[in-house]
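Q: After the structure tokens below, expect a handful of questions from me.
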């Protein structure tokens, strides 16, 4: 029974990961450069969505992310869900971690 549940979770994770990769690829393709939504200009993902995409790209679990940024798992879940916005100090921790894991400069949010 546990093996079946584990396999289902792994399959869900793989599907989500491939969807995120497809989303990231579509954002960087030449056809989508400069596209805008009708009323609001360029589409801007939330901080939570950006962190989730980076987490999947780095191929780490939410629990591992919690350990690496030294935050409570519920706090990280709230950040990923977008119910709370992380402080600038926490955003810096995420940026530093993902920059190290992905071996490139990662900027999660820019101030206007």
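Q: Among the residues of segment 68-102, write down those that are surrounded by fewer than 16 Cβ atoms within 10 Å (Cβ to Cβ), modelled with pLDDT under 95 and either touching a strand residue (DSSP E or B) at 6+ places or on another chain (Cβ under 7 Å) or not in a helix (DSSP H, G or I) (or both).
A: Correct list: 82, 83, 84, 85, 87.
Q: Related question: Any idea which residue in segment 11-43 is nearest to the chain's Cα centre (by Cα), counting only those that are at pLDDT below 70 and under 20 Å from residue 106 (Cβ atoms)?
A: Among residues in segment 11-43 that are at pLDDT below 70 and under 20 Å from residue 106 (Cβ atoms), the one nearest to the chain's Cα centre (by Cα) is 27.
The values are calculated or read from the model by the stated rules, or taken from the named source; none is laboratory data. Model, not experiment: these values are computed from the prediction. For neighbour counting, all protein chains shown are included, and Cβ atoms are generated from backbone atoms with ideal geometry for every residue, glycine included.
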